[in-house]
1. Just one of (1) over 27 Å from residue 418 (Cα atoms); (2) loosely packed, with under 15 Cβ neighbours inside 10 Å; (3) modelled with pLDDT under 80 trips up residue 83, so point out which.
2. Go through the range 421-462 and tell me which strands (runs of 3 or more DSSP E), entirely inside it, have 1 or more residues that are under 26 Å from residue 70 (Cα atoms), of a type outside the set (D, E, K, R) and open to solvent by 10 Å² or more (accessible area, probe 1.4 Å).
3. Restricting to the range 182-202, and then to whatever is open to solvent by 40 Å² or more (accessible area, probe 1.4 Å) and either over 26 Å from residue 260 (Cβ atoms) or among the hydroxyl-bearing types (Ser, Thr, Tyr) (or both), can you tell me which residue is farthest from the chain's Cα centre (by Cα)?
4. Scan the range 143-156 and tell me whether some residue there is in contact with a Gly (Cβ under 9 Å, 6 or more places away or on another chain), open to solvent by 20 Å² or more (accessible area, probe 1.4 Å) and within 19 Å of residue 58 (Cα to Cα).
5. Spot the failing condition for residue 126; the list is (1) crowded, with 24+ Cβ neighbours inside 10 Å; (2) of a type outside the set (Val, Ile, Thr); (3) farther than 17 Å from residue 48 by Cα, and only one is missed.
6. Confirm whether residue 416 is open to solvent by less than 10 Å² (accessible area, probe 1.4 Å), among the acidic types (Asp, Glu) and in contact with a strand residue (DSSP E or B) (Cβ under 7 Å, 6 or more places away or on another chain).
7. Before we move on, is residue 245 open to solvent by less than 10 Å² (accessible area, probe 1.4 Å), closer than 22 Å to residue 190 by Cα and polar (S, T, N, Q)?
8. All but one of (1) at pLDDT 95 or above; (2) open to solvent by less than 10 Å² (accessible area, probe 1.4 Å); (3) closer than 18 Å to residue 446 by Cβ hold for residue 353, so report the exception by its number.
Amino acid sequence: MELLPLLLAGSLLFTVAAPARDITSVCASQIRDFPHRNSSGLHLILHHPQSPCSPAPLPSDLPFSTILSHDDARAAHLASRLATSNDAPLRRPTSLRKKAAAGDHFGDSLATVPLSPGASIGVGNYITQLGLGTPATSYAMVIDTGSSLTWLQCSPCVVSCHRQAGPLFDPRASSTYAAVPCSASQCDELEAATLNPSACSVSNVCVYQASYGDSSFSVGYLSRDTVSFGSSRFPGFYYGCGQDNEGLFGRSAGLIGLARNKLSLLSQLAPSLGYSFSYCLPTSASTGHLTIGSYNPGQYSYTPMASSSLDASLYFVTLSGMSVGGSPLAVSPSEYSSLPTIIDSGTVITRLPTSVYSALSEAVAAAMGGAARAPAFSILDTCFEGQASRLRAPAVGMAFAGGAALKLPTRNVLIDVDDSTTCLAFAPTDSTAIVGNTQQQTFSVVYDVARSRIGFAAGGCS
């Protein structure tokens, strides 16, 4: 994924106001000592998707309406994963065809299989870097708690590759690369990880197919190689080597999956680092971090990971209450848990049950009575004239089962949609509630899968 929701005005002001040499200096100071591993885990730097320091930024002129459109697609398809009936597969089958050199599976013709919709990658995902191969080469990757399989674009890119920062990964240049055969157990686990069945190439290499709700997708070969972060190397890592990659991924090389699944980066590194991770999602003018492994348990307030049979890979929580300016919303307590609620790193706008949202909108508007109202903008209907930094919004509290709480200041309550309008960064839903990354921004959030709990702490990016 701190204007996590891609505060265009903020990022543009930052880039215009600072000379290139100053930005380079700022960026260099921000990434000093990253990545590294110590007794408290593996520490990686995180960049906002439109930070000038990001190794793979989104276009600075990307309209905020486009951001919201993709965010809505992501929310809708996260909800579709929890629906009792399966959506029909997308009629966008893939077939990778190229004449193969002798003994080269990268020229294989792959089976054609319709792709089923998954969660939209959207444009709210944060960026870090991952090293792959021997010798290791570093690649800019988006992180996603709603996805399991890690994949990146690979040479020779038989069908299509989107434009990425830096060169493609060339598996033939890595002495530790291996293609995964169709008989491997990891091939059987792909359907749970990607929501699509695996396929098999003519050379008996396992084919993965990862598809997303906004029609983005990646198809290629399930592979195994050494993954590295700084000087820390982890051999035998399973990932997707993409040969047909199409959609809105920015200039990243691929995606790091952090969901609860055997093939996720988290699960594969758990034997070495432990089954937990934490992050602080930064603003566009700062940097955050992703830590895999142990953490300081005393700094957090915790809520249990809610159990759900709807999708075992997602992270569910139980929202128990909300307040505005310290006063509880005028809704029945049962309304907060009327829908399944997930916490997600890639959804920009938080979705609330409609009755809860309506009460929140009314209370915030009343508390900001002196602010001139502005027309609705896309999915955001509680808007005001001006910029969030120049308005005084009431503190919004989000309480969770077990006593965990988020006390949200203005930067986590309002989001600028253009240079003269700001809106409440929440939206209503009748399907799946989502705690989005605007509300998580600058907080430290820990996902302790081993203890089945999620924790929150203020001041996480400092």
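1. All conditions are met except number (3).
2. 421-424, 426-429
3. This residue is 202.
4. Scanning the range 143-156, I find no residue that is in contact with a Gly (Cβ under 9 Å, 6 or more places away or on another chain), open to solvent by 20 Å² or more (accessible area, probe 1.4 Å) and within 19 Å of residue 58 (Cα to Cα), so the answer is no.
5. Result: residue 126 fails condition (3) only.
6. For residue 416, the condition - open to solvent by less than 10 Å² (accessible area, probe 1.4 Å), among the acidic types (Asp, Glu) and in contact with a strand residue (DSSP E or B) (Cβ under 7 Å, 6 or more places away or on another chain) - is not met.
7. The answer is yes for residue 245.
8. Against the list (1) at pLDDT 95 or above; (2) open to solvent by less than 10 Å² (accessible area, probe 1.4 Å); (3) closer than 18 Å to residue 446 by Cβ, residue 353 comes up short only on (3).
The values are calculated or read from the model by the stated rules, or taken from the named source; none is laboratory data. The structure displayed is predicted, hence computed values, not measured ones. FYI the Cβ positions are ideal-geometry reconstructions off the backbone, even for glycines, and counts take in every protein chain you see. Please note that ligands, DNA and RNA were not included when accessible areas were found on the heavy atoms of the full protein model with its side chains. Shrake-Rupley method; radii C 1.70, N 1.55, O 1.52, S 1.80 Å.
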